[in-house]
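The values are calculated or read from the model by the stated rules, or taken from the named source; none is laboratory data. All values derive from a computational prediction rather than experimental measurement. Ideal geometry is used to build each Cβ from the backbone, glycine not excepted, and the neighbour counts take in all protein chains shown.
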């Protein structure tokens, strides 16, 4: 079945640093989504991408829908402690297929 | 504000008990809702698609008699874990999307612990 490869699996960074994570797939998706999940809670939508090549920002977050429609990246600039959590990419063709997540730790 | 309300947030019960989890769409009417299961430090796995007024669509490997889904109204879907056992302990999350082209919004999840 379809799978998403999300990397890195985890990141330990200093407050103020920029962060980059990405997802790749062997399949084409119509939509790419990025979610953040805090412990014990459901995922919260950060950014939704609908067109190949689309670059979208949400505050310090920027995400892009790859031209081939098989990949996407998420950047976080000037990280802060509350950015800590697990970030999931998800590709959609109706149903959502999730990546395995990137666990972000930020040291003050 | 919240788009999806999920209740309860946590359940601890004895083996053999059946547990019902509710998922409510607060912002719009939803003909389709989704139920996911998440193991510790793992990603979300789709269990089933809940369809208003018709049978749910289950993913391969998910026992429909074990995980009963009812979507009796356009704002409420319920997941019942029947005769739950310790291996059913997990984090269950529902989601709702306006349509298949719109992002899904998730509830806060239900932590189920079977003793």
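For the reader, a short list of remarks on this structure follows.
- Flag for residue B:17 being assigned to a strand (DSSP E or B), modelled with pLDDT of 95 or more and more than 19 Å from residue A:40 (Cα to Cα): no
- Residue among A:46, A:104, A:55 that is touching a strand residue (DSSP E or B) at 6+ places or on another chain (Cβ under 7 Å), closer than 22 Å to residue A:17 by Cβ and surrounded by fewer than 18 Cβ atoms within 10 Å (Cβ to Cβ): A:55
- Count of the range A:42-51 residues, restricted to those that are more than 9 Å from every other protein chain (Cβ to nearest Cβ) and over 15 Å from residue B:101 (Cα atoms), is 1.
- Residue satisfying condition, being touching a residue at least 24 places away in the same chain (Cβ under 8 Å) and within 24 Å of residue A:93 (Cβ to Cβ), within set B:93, B:12, B:114, B:21: B:93
- Taken over the range B:42-59, the criterion of being over 19 Å from residue B:98 (Cα atoms) and touching a strand residue (DSSP E or B) at 6+ places or on another chain (Cβ under 8 Å) is satisfied by B:43, B:44, B:45, B:47, B:58, B:59.
- Residue check, residue B:68 touching a strand residue (DSSP E or B) at 6+ places or on another chain (Cβ under 6 Å), surrounded by 14 or more Cβ atoms within 10 Å (Cβ to Cβ), part of a strand (DSSP E or B) and within 14 Å of another protein chain (Cβ to nearest Cβ): no
- Output for the range A:20-41, where each listed residue is within 12 Å of chain B (Cβ to nearest Cβ) and surrounded by fewer than 23 Cβ atoms within 10 Å (Cβ to Cβ): A:30, A:31, A:36, A:37, A:38, A:39, A:40, A:41
- Taken across the range B:16-38, residues that are under 14 Å from the mean Cα position of the chain (by Cα), farther than 26 Å from residue A:31 by Cα and buried (at least 18 other Cβ atoms within 10 Å of the Cβ) do occur, with at least one present.
- Test: residue B:81 is in contact with a helix residue (DSSP H, G or I) (Cβ under 8 Å, 6 or more places away or on another chain), surrounded by 13 or more Cβ atoms within 10 Å (Cβ to Cβ) and more than 12 Å from every other protein chain (Cβ to nearest Cβ): yes
- Hits in the range B:84-105 - residues which are within 7 Å of chain A (Cβ to nearest Cβ), within 14 Å of residue B:50 (Cα to Cα) and assigned to a strand (DSSP E or B): B:93
- Test: residue in the range A:8-19 that is within 14 Å of chain B (Cβ to nearest Cβ), more than 12 Å from the chain's Cα centre (by Cα) and under 24 Å from residue B:39 (Cα atoms): yes
- Flag for residue B:62 being surrounded by 14 or more Cβ atoms within 10 Å (Cβ to Cβ), closer than 14 Å to residue B:92 by Cβ, touching a strand residue (DSSP E or B) at 6+ places or on another chain (Cβ under 7 Å) and touching a residue at least 12 places away in the same chain (Cβ under 8 Å): yes
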